[in-house]
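Some notes on the structure that comes next.
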Amino acid sequence: MVAQEAHGHGAPQGFIRKYVFSLDHKVIGIQYYFLALAAVFVGMFLSLLMRIHMIWPTAVLPLVGEIKPETYLSLLTMHGTIMVFFVLTTAPQSGFGNYFLPIQIGAPDMAFPVLNMLSFWTTFVAFIVMLAAFFVTGGAPLHGWTGYAPLSALPSAGPGEQLGADLWITSIAIFCIASLMGALNFITTTLDLRAKGMTLMRMPLTCWAWFITAILGLLAFGVLLSAGILLLLDRNLGTSFYVPLVVVNGQVLGHKGGSPLLWQHLFWFFGHPEVYIAILPGMGVASQLLSTFSRKPIFGYKAMVYAIMAIGILGFVVWGHHMFMSGMSPYSAFAFSIMTMCIGVPSAIKTFNWLGTLLHGRIRLHSPMLFAIGFVSLFVSGGLSGPFLAQPVLDIPLHDTYFVVGHFHLIMGVAAIFGIFAATYYWFPKMFGRMMNETLGKIHFFITLAGTYAIFMPMHYLGMAGQTRRYSQFTEVAYQAKLIPLQTFMTFAAFVTIAAQFIFVINLFWSMKKGPKAPDNPWEATTLEWTTATPPPHDNFGGHTPVVNHGPYEYSVPGATRDFILQTDPLTVHQK
Amino acid sequence: MGFALLAVIWLITLISTYFFIAKTWWLPLGASASAAFIDGQFTLTYVLMAIVFLGAQLALGYLVWKYRDGAAAKPVKYSHGNTTLEILWTALTAVLFIGLNLMGSRVWAHERFEPAASGAVPVEATGMQFAWYFRYPGTDGNYGVTNPTLIDPSAGNEAAIGLDSTDPAAKDDVVTGSMYLPVGRQVDLTLRAVDVIHSFFVPNFRFKQDAVPGLAIHMHFTPTQIGDYEIACAELCGLGHYKMHGMVHVVSQEDFDKWLAQREAEKQ
């Protein structure tokens, strides 16, 4: 295709153009990655404070002071928002996608390098605006990451709902703009910049996942952006999109006729596809790694591609399953429920295919593979609580309890994070030219796997027992107070798991400087990023455009001279 | 490494499953007419999902151990998959998930598609930061008019929901901070909220419904056992969300009538 012409910009000169306002998709990918790394530590620190407060509500912490109920809700809001937007959306898609999508399809860069740079720096501004909410009068908002109106629309509804809430929604709006720019770039790049021979059905599953995720982002973030602007208008200009006549603390406010459910529809029209925006790249990475480290082609490549598409399409018609208890029509709940159950089918197909890939393989258990296997385990565990919540009648006891918190943390939180870890251990050698430490990687894996299960599996038990979410303490409701010992166990599990993440960070930064030099293809993998130098040159392939002759996962082909065939190998390579 | 991974995955799976089977933590005692249906559907879903959970996780642990690389490893079986298998497991999961859904939908239709039966006990629940108020329409069977400008949360009861005492239908309305219900009779519940969204959740009744400002949401349920049950707010409503707690007292019909008459008398 026209890959070469698209690469209009030459190699940059000077520190600023090279590392700060870079047009190189690889640098931008790394910038996104480190932004997400900073964000995940902020988000994790907030969750640590929350877990401490739930168990010791009156504790006075060094530096932080006493956590009041409203502080707890601010922590909860910011934890959710930062994790969903600046970690789960940013690292797998914008970070790794930016770095590896162009290389894996044989392009010298993204289709629109300037737009790419703009989208990163816009995301960066969004993050700064979000953090600023902590430092304004009243603090960060307390309305939760879902920001249900009227709570989120009324400055008088609680502390944090003044300037903090305005900054929160402004940050999200800026983030939406950045994501729209990124999505356009990903879609155009995938469609237009594939190398000769890289047909759509020869793309690695990671590329399929990034491509479909970009389409979801394009359709979903536009809606959230509009919804956010309407919320800002309700808050500051006295409109009534989301607020009917309400009386707060005996004061009749000036709104009338708005619909609180409108916000929920708009928010979840974005919010459900967002779940797949977070998890699809992880699915792509898991598929890529399971095949590579099992030394076996992925089981059912076509079925995997169709499953990603099916998940993408169905992901847009299930948003109402978040609203079974909202006062929405019970008939539409019935329809949303059926569609939600249908989305379980492609998810199950993917799981079966992952297991099928392992079967009769020769599995090399390096750190990236461990995290990919952990991803599958967590995806199954988190996925299987879905059919409970998808049935409106079971959602009656379970909605807004810890059962839901356990469900989405396992699948969209921890499984997606395992995808990020797997990708990090897998691609680190290509990105930084050095290997990560295997022993530290394995210790990190086992503690994190056992630790996250210890934190999030008990949430299902709590939810069944009726423990409601977003309670800053459990002492006020007698049946909930009985569940505190289990919460205490989870807090201690969180201490251990959080501590283990420092092993990862140490390994990451230490290996960047001191790790052993990485060969060009340390995992003996097949896709295009492993055919070029480590780290790749500015135009990715050093002046030539690769020609693709093979599918992405040709491992252990009978008769071949070695157990992997690069996508660029000549067609005759498998004949001795 | 292969064995360590198998051991960890299996242990996590079996320990998790043990606590589900032992019911160490479980749904609280069901005290409404629909609890048995809902619990039945829950158990059915739970058994099916447990089978899939155990099958998938144990298989995952087994496969990574069995096919680990090493001197004794067998050669890889080169294969791109199996279309028959793909069709088979697609069809099976579709039947399982959609079938499960249709079974649950019967109960959902019974709970939410049909209005309350005539003769049900009318009660209105109003949520506000951070309390519930319950209104009974009195002998005339009609709720009196409420006026937002009359709402005074600090005064409690009738004044808290802004009941307009000049309306004749409001004269016999009773508003309380705790809910009283006669056992074995269907409750015709109207849910309202004055400020932000709240959610009326009684775990023992397997009942939950958001109360939304600007909407009057009609629901019904039937308490079946005398006793005291806790109401927990289930929708984040502000800094006092965690203490927006209430009680439902399910009593005999005589006790209910006596209580209501007493409250009417206190009001006059």
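The values are calculated or read from the model by the stated rules, or taken from the named source; none is laboratory data. Treat the numbers as computed from the prediction; the structure is a model and nothing was measured. Counting neighbours? That spans all protein chains shown, and the Cβs are built from the backbone with ideal geometry, glycine included.
Of the candidates B:T166, B:T149, the single residue that is in contact with a Gly (Cβ under 8 Å, 6 or more places away or on another chain) and among the polar types (S, T, N, Q) is B:T149.
Restricting attention to segment A:467-505, the residues that are assigned to a helix (DSSP H, G or I), farther than 27 Å from A:F41 by Cβ and in contact (Cβ under 8 Å) with a residue 40 or more places away in the chain add up to 1. All of A:A165, A:A140, A:A149, A:A133 fail the test of being outside any helix (DSSP H, G or I) and more than 10 Å from chain B (Cβ to nearest Cβ), apart from A:A140. Checking each residue in segment A:185-221 for being buried (at least 17 other Cβ atoms within 10 Å of the Cβ), in a helix (DSSP H, G or I) and more than 18 Å from the chain's Cα centre (by Cα) picks out A:N185, A:I187, A:T189, A:T190, A:R202.
Can you give me the ranges of the helices (runs of 4 or more DSSP H) entirely in segment A:353-426 with at least 3 residues that are touching a strand residue (DSSP E or B) at 6+ places or on another chain (Cβ under 9 Å)? Hits in segment A:353-426: A:392-398.
The residue pairs whose first member lies in segment A:366-392 and is farther than 16 Å from A:F352 by Cβ and crowded, with 24+ Cβ neighbours inside 10 Å, whose second member is at pLDDT 95 or above and acidic (D, E), and whose beta carbons are closer than 9 Å, counting only pairs six or more residues apart or on different chains, are A:S367/A:E438; A:F388/A:D395. The sole residue among B:K23, B:K77 that is farther than 26 Å from A:V557 by Cβ and basic (K, R) is B:K23.
Only residues that are hydrophobic (A, V, I, L, M, F, W, C), surrounded by fewer than 20 Cβ atoms within 10 Å (Cβ to Cβ) and facing another protein chain (nearest Cβ under 10 Å) were counted across segment B:108-129, and they come to 2. Looking across segment A:459-470, the residues that are more than 16 Å from B:V202 (Cβ to Cβ) and within 9 Å of another protein chain (Cβ to nearest Cβ) come down to A:H460, A:Y461, A:L462, A:R469, A:R470. Note on segment B:225-240: residues that are under 17 Å from the mean Cα position of the chain (by Cα) and not in a strand (DSSP E or B) total 3. Scoring B:N204 on the criteria (1) of a type outside the set (D, E); (2) closer than 18 Å to A:G144 by Cα; (3) crowded, with 24+ Cβ neighbours inside 10 Å leaves a single failure, condition (2). Applying the condition of being in contact (Cβ under 8 Å) with a residue 12 or more places away in the chain and among the polar types (S, T, N, Q) to segment B:130-164 and asking which residue is nearest to the other protein chains (Cβ to nearest Cβ) yields B:T149. In the set (1) in contact with a helix residue (DSSP H, G or I) (Cβ under 7 Å, 6 or more places away or on another chain); (2) more than 11 Å from chain B (Cβ to nearest Cβ); (3) not acidic (D, E), A:G250 fails one condition alone, (2). Regarding segment A:164-184, can at least one residue be identified that is closer than 24 Å to A:F428 by Cα, within 18 Å of the chain's Cα centre (by Cα) and touching a residue at least 40 places away in the same chain (Cβ under 8 Å)? Within segment A:164-184 (the criterion being closer than 24 Å to A:F428 by Cα, within 18 Å of the chain's Cα centre (by Cα) and touching a residue at least 40 places away in the same chain (Cβ under 8 Å)), the answer is yes, since at least one residue qualifies.
Residue by residue, here is whether (1) surrounded by fewer than 19 Cβ atoms within 10 Å (Cβ to Cβ); (2) under 22 Å from the mean Cα position of the chain (by Cα); (3) at pLDDT 95 or above; (4) within 30 Å of A:S94 (Cβ to Cβ) holds:
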site: A:L245; (1), (2), (3), (4): yes, no, yes, no
site: A:N249; (1), (2), (3), (4): yes, no, no, no
site: A:K256; (1), (2), (3), (4): yes, no, no, no
site: A:L262; (1), (2), (3), (4): yes, no, yes, yes
site: A:F267; (1), (2), (3), (4): no, yes, yes, yes
site: A:P273; (1), (2), (3), (4): no, yes, yes, yes
site: A:Y276; (1), (2), (3), (4): no, yes, yes, yes
site: A:I279; (1), (2), (3), (4): no, yes, yes, yes
site: A:G284; (1), (2), (3), (4): no, yes, yes, yes
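What about A:W208, is it more than 17 Å from A:F112 (Cα to Cα), touching a Leu at 6+ places or on another chain (Cβ under 9 Å) and touching a residue at least 40 places away in the same chain (Cβ under 8 Å)? Yes: the conditions hold for A:W208.
Across segment A:506-518, the number of residues qualifying as loosely packed, with under 14 Cβ neighbours inside 10 Å, in contact (Cβ under 8 Å) with a residue 24 or more places away in the chain and not basic (K, R) comes to 2. With respect to A:K482, is the statement that it is basic (K, R), out of contact with any helix residue (DSSP H, G or I) (no Cβ under 9 Å at 6 or more places or on another chain) and within 14 Å of chain B (Cβ to nearest Cβ) true? In short, yes. When each of B:T17, B:T45 is tested for being within 30 Å of the chain's Cα centre (by Cα), facing chain A (nearest Cβ under 7 Å) and within 30 Å of A:I484 (Cβ to Cβ), the lone residue that passes is B:T45.
Here is the figure for segment B:32-59: residues that are touching a Phe, Trp or Tyr at 6+ places or on another chain (Cβ under 6 Å) and in contact (Cβ under 8 Å) with a residue 60 or more places away in the chain total 1. Scanning segment B:174-192 for residues that are among the charged types (D, E, K, R) and within 17 Å of B:P223 (Cα to Cα), we see that the one that is nearest to the chain's Cα centre (by Cα) is B:D188. Please tell me if B:G144 is in a loop (DSSP other than H, G, I, E, B) and on the phi > 0 side of the Ramachandran plot. Here the answer is no, as B:G144 does not meet what is asked.
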